[in-house]
1. Being assigned to a loop (DSSP other than H, G, I, E, B), modelled with pLDDT of 90 or more and under 22 Å from the mean Cα position of the chain (by Cα) is the filter here; which residues of region 109-130 pass it?
2. From the set of residues in region 70-102 that are modelled with pLDDT under 95 and over 25 Å from residue 177 (Cβ atoms), which is surrounded by the fewest Cβ atoms within 10 Å (Cβ to Cβ)?
3. Among the listed residues 15, 22, 61, which satisfies the condition of being at pLDDT below 95 and closer than 27 Å to residue 142 by Cα?
4. Of everything in region 150-159, what is buried (at least 17 other Cβ atoms within 10 Å of the Cβ) and out of contact with any strand residue (DSSP E or B) (no Cβ under 6 Å at 6 or more places or on another chain)? Give them in sequence order.
5. Among the residues of region 148-167 satisfying the criterion of being in a strand (DSSP E or B) and at pLDDT 95 or above, which is farthest from residue 42 (Cα to Cα)?
6. Among the residues of region 132-145, write down those that are touching a residue at least 60 places away in the same chain (Cβ under 8 Å) and not in a loop (DSSP other than H, G, I, E, B).
């Protein structure tokens, strides 16, 4: 589920949005009313329930071989998405919808490291909401490894310290960061459970 040329996407669990009006996002660093969307490259970041915490890494031309091997591994593909075990039922059951929006009103948000596109005006969808479908199957078809962890923080910490591209969404909903003296604290972000 990606936008066609001249389109951007907005993902939602609401199938009945008729018009997108600028609003203040609770997680945005800018206090400005905006309409939010993503392009084709970053659409997979939103193949999740809205509130699901997720951490993502992908290979870049400048990524080191060691970081690729350590965080992407030999599971195939150039991209890994990670969630916590507790979110798997929601991922399997959510009804997610995509809205195709005209790309013309949208610009990069301008926030540091942001991938979001924003519009400052009302935007009408190009058609009705489309069911996204099976999110596990979507990841598999796109060649994206989907991993399950007890706790996302060790994986995310390793991603931030790497040469890979990385992004995280809704980490405030992840389990608490393990403390250094927690006997269950993993010493590395592996081994995960691979899905798809």
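The values are calculated or read from the model by the stated rules, or taken from the named source; none is laboratory data. These numbers were taken from a predicted model, which means no experiment stands behind them. Every residue, glycine among them, receives a Cβ derived from its backbone with ideal geometry; neighbour counts consider all protein chains shown.
1. Filtering region 109-130 for residues assigned to a loop (DSSP other than H, G, I, E, B) gives 109-116, 120-122, 124-129.
This time we only want the ones that are modelled with pLDDT of 90 or more, so: 120-122, 124-129.
Within region 109-130, 125, 129 qualify.
2. Only one residue tops the list, namely 74.
3. Numbers: 15 fails: at pLDDT below 95; 22 fails: closer than 27 Å to residue 142 by Cα.
Matching residue, one of 15, 22, 61: 61.
4. We begin by selecting, within region 150-159, every residue buried (at least 17 other Cβ atoms within 10 Å of the Cβ); these are 151-156, 158-159.
Of everything in region 150-159, those that are buried (at least 17 other Cβ atoms within 10 Å of the Cβ) and out of contact with any strand residue (DSSP E or B) (no Cβ under 6 Å at 6 or more places or on another chain) turn out to be 151, 153, 154, 158.
5. The first filter runs over region 148-167 and keeps only residues in a strand (DSSP E or B), leaving 148-149, 165-167.
Applying the additional criterion that residues be at pLDDT 95 or above yields 148-149.
Details: 148: 20, 149: 22 Å.
Per the stated criteria, the residue is 149.
6. Step one: filter region 132-145 for residues touching a residue at least 60 places away in the same chain (Cβ under 8 Å), giving 132-133, 135-136, 138-139, 142-145.
135, 136, 138, 139, 145, listed by residue number.
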